[in-house]
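In what follows, a structure is listed as structure tokens, so that the remarks can point back to it.
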Amino acid sequence: MRLSASCLPGTEDLLRRELQDIGAGNVRPGRQAVNFEGNDELMLRALGELPSALRVYQELSEISASTQTDLYRSLRRVKWERYVTVDQSFSFEVIESGGRAPGPIRYITLKAKDALVDYFREEQGKRPSVDRGEADIRFLILFDRGGCRLYRDAAGRPLSQRGYRLRHAGAPLNEALAWALLNFSGFSDAAGSG
């Protein structure tokens, strides 16, 4: 399967090395992300073993999106029940990274939501709820030089919230940034991974 891990600017090469260390295939650094390939086991390893990653995404499909109507129709053809149920909440994030969306980002986000909701209404007569803050399932639409792709957030939350803490301590520095600083300064071997 095709996957992508997002990262802070300037840490793409560090993330590339981490992905190669866990056995990821076809690793390709991009802009604030590294694309790679692997199976379900590798995706789970990526979720737990990449200290410089912010999120891990699973690519669901390439989307035709030359116009807003084209985007809506392409998203209506997605078999959404494979990824979300009517009892779950969802959200969309839209990012332009070297590509251009066929309209304002907020409007494209609403069109994506409409496509998913309309699909469920037609297929099942009811729909999942939108929750921009604490959605059960998070989707990403990425416009890059290669076109438009639909992703699902593999964890649903930032990797800094991997679940080993009962509550957030309010750290003044992002964990991925702290890891990158330790790594770039040569202290990462002494620091370990946690």
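The values are calculated or read from the model by the stated rules, or taken from the named source; none is laboratory data. Since this is a predicted model, take the numbers as computed values, not measurements. Here the Cβ positions follow ideal geometry from the backbone for every residue, glycine too, while neighbour counts run over all protein chains shown. The protein model used for the area step is the full one, side chains on, heavy atoms only, and it has no ligands, DNA or RNA in it. Shrake-Rupley method; radii C 1.70, N 1.55, O 1.52, S 1.80 Å.
Note on the stretch 1-97: Kirkwood radius taken over Cα pairs, Stokes-Einstein applied at 10 °C and 1.306 mPa s, translational D equal to 107 µm² s⁻¹.
Note: the chain, Cα convex hull, 128 Å³ per residue.
Here r is the Cβ-Cβ distance between residue 86 and residue 132 and R0 is 25 Å; the resulting FRET efficiency, rounded to 0.05, is 0.85.
Over the residues of the chain, the helix contribution to mean residue ellipticity at 222 nm works out to -10000 deg cm²/dmol, using -39500 (n - 2.57) for each DSSP H run of at least 4.
Put a dot 7 Å past the Cα of residue 118, heading toward its Cβ, do the same for residue 13, and the two dots end up 4.7 nm apart.
Relative contact order for the stretch 1-71: 40 percent, from Cα pairs under 8 Å spaced at least 6 residues apart, divided by residue count. Shown for the stretch 24-183: the carbon plus sulfur share of the solvent-accessible area, taken with all protein chains present and a 1.4 angstrom probe, equals 46%. The alpha-carbon of residue 111 sits under 17 angstrom from the alpha-carbons of these aspartates and glutamates, leaving out residues fewer than 8 places away in its chain: 62, 70, 93, 96, 122, 131. Accessible area per residue for the chain is 56 Å², calculated with a 1.4 Å probe on protein heavy atoms, without ligands, DNA or RNA.
Counting only protein chain heavy atoms and rolling a 1.4 Å probe, the accessible areas of 179, 80 rank, largest first, as 179, 80. The calculated FRET efficiency for the pair residue 182 and residue 28, based on their C-beta separation and a Förster distance of 25 Å, comes to about 0.50. Each Lys and Arg adds +1 at its Cβ and each Asp and Glu adds -1 at its Cβ; summed about the Cα centre, the chain shows a dipole of about 500 debye. Of the residues 38, 98, 25, the one that moves most in a GNM of the chain with alpha-carbon contacts below 10 Å is 98. The mean sequence distance of close C-alpha pairs (under 8 Å, at least 6 residues apart), as a share of the length of the chain, puts its relative contact order at 23 percent. Spin-label model, residue 77/residue 173: points 7 Å from Cα along the beta carbon direction are separated by 4.8 nm.
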